[in-house]
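Undergrad: Here you go, one structure.
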Amino acid sequence: MRQNEAMELDALVERASTEIAAATDLESLAEVERSFVGKKGELVGLKKTLGQLEPEERKAAGQALNEAMSSVAAVVVDRRAVLATAAEAEQLASERLDLTEVIEEVKRGHLHLVTQARDRLEDVFVGMGFTVAEGPEVESAWYNFEALNIPEWHPARGSFDTIFVDLGEPETTMLRSHTSPVQVRTMENQEPPIYIVAPGRTFRTDTADATHLPAFNQIEGLVIDKGIGLGDLAGTIESFVGAFFGHEVKTRLRPSYFPFTEPSAEFDISTPSGDWLELGGCGVVQPKVLENCGIDPEIWQGFAFGFGIDRLAVMRYQLDDIRELVNNDVRFLRQF
Ligand code: FA5
């Protein structure tokens, strides 16, 4: 191979390397590759001129050309690897979902304030030695009324504004109108002494207003032991209110009437404005109710109470209206 031809070949390889390095994507690289080593490429073009050379020269020139072609091919392979990695990274980046905005927007959630109040109530009562009991939300007339000394003819049935379920004989199945049926279920299944609280959902035909909801929550308390009386009930309510609200909140019992307790009382707590707020009912368990549940009233006595958890949340978080609890306005709920 003549000197100037060899130099030309070197220059060609160098130009090919420069152009390959300058290719910014796989497509332009393929084009550069074609223009040097493709069928009509410059190096392949040179190959065709070999025929005009003397056999000896042809051999050396052919060899030099082959080396040039493989060195260009090697540079192409390297560059292709670099560009392919870059292309892959670019594709990944473009397909990536940017969720940072969403994450910033959605703040961490928390329990609803009625749930917070219920959990805290359970903690306070468990701390006082009670265990937590549960009962069904759909009840029979026996558990919701009769076992609690409210027979069918009793006027007190009307005061519970019951929502009946269309099942069996009319007015025999209902959404429980209070948590007191859990008293009955517990006494039927458990030997005294009994110290339970039963929180849960309750339902009445009440129209929603600032202090009423048609679906609300109560917590029932029941103690059955020997020598239990009204003083124990008053002391328990006072301890619980002190633990839940702080000892500056006072309690008072007002005489009232419930067919399942005798004597019965309504209990109120003092509000910061100096008023009293009715929280629930309570009393000494009627001997008839103990008998209905298979417990001998000559040996065992007890007290029971039931109050509204939603009302208690209203008081604790100083809300103006109980309906705030169920409006599901996240701006409101987030504050607690
Ligand atoms: C009862 O439901 C009795 N079972 C309570 C009881 C239990 C008495 C054990 C004696 C022994 P009353 O109907 O008063 O009682 O309801 C108790 C509490 O539930 C009320 O003081 C109130 O805090 C809450 N409550 C009643 N109706 C609603 C309502 N519609 N919305 C929100 N809270 C309510």
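The values are calculated or read from the model by the stated rules, or taken from the named source; none is laboratory data. The shown structure was predicted, so the numbers you read here are calculated from the model rather than taken from an experiment. All Cβ positions, even for glycine, are placed from backbone atoms using ideal geometry, and neighbour counts span all protein chains on display. Note: accessible area is taken over every heavy atom of the protein model, side chains too, but ligands, DNA and RNA are not part of it. Shrake-Rupley method; radii C 1.70, N 1.55, O 1.52, S 1.80 Å.
Undergrad: Just checking, how many residues over the range 21-49 are closer than 14 Å to Ala87 by Cα and assigned to a helix (DSSP H, G or I)?
TA: Counting residues in the range 21-49 that are closer than 14 Å to Ala87 by Cα and assigned to a helix (DSSP H, G or I) gives 4.
Undergrad: If you don't mind, another one. For the range 319-336, give me the residue count where each residue is touching a residue at least 24 places away in the same chain (Cβ under 8 Å) and either open to solvent by 40 Å² or more (accessible area, probe 1.4 Å) or part of a strand (DSSP E or B) (or both).
TA: 5
Undergrad: Being under 33 Å from the mean Cα position of the chain (by Cα) and not aromatic (Phe, Trp, Tyr) narrows it down to one residue among Leu290, Leu319; which is it?
TA: Checking each option against the conditions leaves just Leu319.
Undergrad: Also, I was wondering about something else. Being closer than 18 Å to Asp225 by Cα and crowded, with 20+ Cβ neighbours inside 10 Å is the filter here, so list the residues in the range 120-146 that pass it.
TA: Phe125, Phe130, Ala133
Undergrad: Among the residues of the range 213-250, what is the count of those that are acidic (Asp, Glu), open to solvent by 30 Å² or more (accessible area, probe 1.4 Å) and within 12 Å of the ligand (Cβ to nearest atom)?
TA: Selection size over the range 213-250: 0.
Undergrad: Filter the range 251-276 down to residues that are in a strand (DSSP E or B) and near the ligand (Cβ under 9 Å from one of its atoms) and give me whichever is surrounded by the most Cβ atoms within 10 Å (Cβ to Cβ).
TA: Thr261
Undergrad: Considering only residues that are more than 25 Å from His212 (Cβ to Cβ) and hydrophobic (A, V, I, L, M, F, W, C), which ones fall in the range 143-161?
TA: Answer for the range 143-161, where residues must be more than 25 Å from His212 (Cβ to Cβ) and hydrophobic (A, V, I, L, M, F, W, C): Ala147, Trp153.
Undergrad: Taking the criterion of being touching a residue at least 60 places away in the same chain (Cβ under 8 Å) and hydrophobic (A, V, I, L, M, F, W, C), would at least one residue in the range 39-50 satisfy it?
TA: No, the range 39-50 contains no residue that is touching a residue at least 60 places away in the same chain (Cβ under 8 Å) and hydrophobic (A, V, I, L, M, F, W, C).
Undergrad: Contact list please: Cβ distance under 9 Å, first residue in the range 299-315 and open to solvent by 20 Å² or more (accessible area, probe 1.4 Å), second residue among the basic types (Lys, Arg), pairs at least six apart or on different chains.
TA: Between residues of the range 299-315 that are open to solvent by 20 Å² or more (accessible area, probe 1.4 Å) and residues that are among the basic types (Lys, Arg), the close pairs are Ile299/Lys226; Trp300/Lys226; Gln301/Lys226.
Undergrad: Evaluate the range 22-32: report whether one residue or more is at pLDDT below 85 and exposed (fewer than 14 other Cβ atoms within 10 Å of the Cβ).
TA: Checked against the condition, which is being at pLDDT below 85 and exposed (fewer than 14 other Cβ atoms within 10 Å of the Cβ), the range 22-32 yields no hits at all.
Undergrad: Residue by residue through the range 133-155, note down the ones that are at pLDDT 95 or above, over 13 Å from His178 (Cβ atoms) and touching a Pro at 6+ places or on another chain (Cβ under 7 Å).
TA: If the condition is that a residue be at pLDDT 95 or above, over 13 Å from His178 (Cβ atoms) and touching a Pro at 6+ places or on another chain (Cβ under 7 Å), then Asn149 is the only one that fits.
Undergrad: Confirm whether Gly283 is small (Gly, Ala, Ser), over 19 Å from Glu134 (Cα atoms) and more than 10 Å from the ligand (Cβ to nearest atom).
TA: No; evaluated as a whole, the condition is false for this residue.
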